[in-house]
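Novice: Let me begin by handing over the structure; questions about it come next.
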Amino acid sequence: MKIIVLSLAAIAVWSTAEFAIAEPQAQGANATQAAQPMESVTVKARRFHMEPQQFSDYEYTYVLENKETVRFSRKVGRFFVTLKGQPAVEIFAASTDQFETKNGAKLVFSEGGESLTIDHFEALWAASVAQAAAKSKVKK
């Protein structure tokens, strides 16, 4: 029994040593490939998890400098922004005070929810118009 255990231990050590030796060789091969252009890799960003209770600081209607109004709401744990006269667009929490839409609009709250900045407002508007067009197609 001791001989079998010692043999298995020796095989494990030998296998690990062989793997450790093979590792630098594999890296050397990759170093040659690194000089060549590589394909791009897409990595999905991990979303920030926000509890619905945390969102309550932002559930108001805001009047923007361009006189547009936006309203923030939540439904079944999902968060939405609505431009006046348009359907709601889903937003995703990026941090406790930052949200974004699927098409790149960024909504940033400051001063405890008293102030709102929207980057790429045109993307938010486009998403809202697309939502309206999709809803009108469904009704027909």
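The values are calculated or read from the model by the stated rules, or taken from the named source; none is laboratory data. Model, not experiment: these values are computed from the prediction. Neighbour counts run over all protein chains shown; Cβ positions are idealised from the backbone, glycine included.
Novice: Take the stretch 120-130 and flag every residue that is part of a helix (DSSP H, G or I) and surrounded by fewer than 17 Cβ atoms within 10 Å (Cβ to Cβ).
Specialist: Glu122, Trp125, Ala126, Val129, Ala130
Novice: Run down Thr101, Thr117 and say which single residue is of a type in the set (Val, Ile, Thr) and either touching a helix residue (DSSP H, G or I) at 6+ places or on another chain (Cβ under 9 Å) or over 22 Å from Ser56 (Cβ atoms) (or both).
Specialist: Thr101
Novice: Just a yes or no: is a residue in the stretch 107-119 at pLDDT 90 or above and not in a strand (DSSP E or B)?
Specialist: The answer is no, given that none of the residues of the stretch 107-119 is at pLDDT 90 or above and not in a strand (DSSP E or B).
Novice: Name the single residue, out of those in the stretch 58-70 being in contact with a Lys or Arg (Cβ under 8 Å, 6 or more places away or on another chain) and within 18 Å of Val129 (Cβ to Cβ), that is surrounded by the most Cβ atoms within 10 Å (Cβ to Cβ).
Specialist: Across the stretch 58-70, the extreme among qualifying residues is Val70.
Novice: If you take the residues in the stretch 104-114 that are surrounded by fewer than 18 Cβ atoms within 10 Å (Cβ to Cβ) and in contact (Cβ under 8 Å) with a residue 12 or more places away in the chain, which one is farthest from Tyr62 (Cα to Cα)?
Specialist: Selected residue: Gly104.
Novice: Same structure again: Of everything in the stretch 84-98, what is in a loop (DSSP other than H, G, I, E, B) and either under 15 Å from Ser56 (Cα atoms) or touching a Phe, Trp or Tyr at 6+ places or on another chain (Cβ under 7 Å) (or both)? Give them in sequence order.
Specialist: Those that are in a loop (DSSP other than H, G, I, E, B) and either under 15 Å from Ser56 (Cα atoms) or touching a Phe, Trp or Tyr at 6+ places or on another chain (Cβ under 7 Å) (or both): Ala88, Ala94, Ser95, Thr96, Asp97.
Novice: Also, quick follow-up: Kindly establish whether Phe48 is outside any helix (DSSP H, G or I) and at pLDDT 90 or above.
Specialist: Considered against the rule, which asks whether it is outside any helix (DSSP H, G or I) and at pLDDT 90 or above, Phe48 comes out as no.
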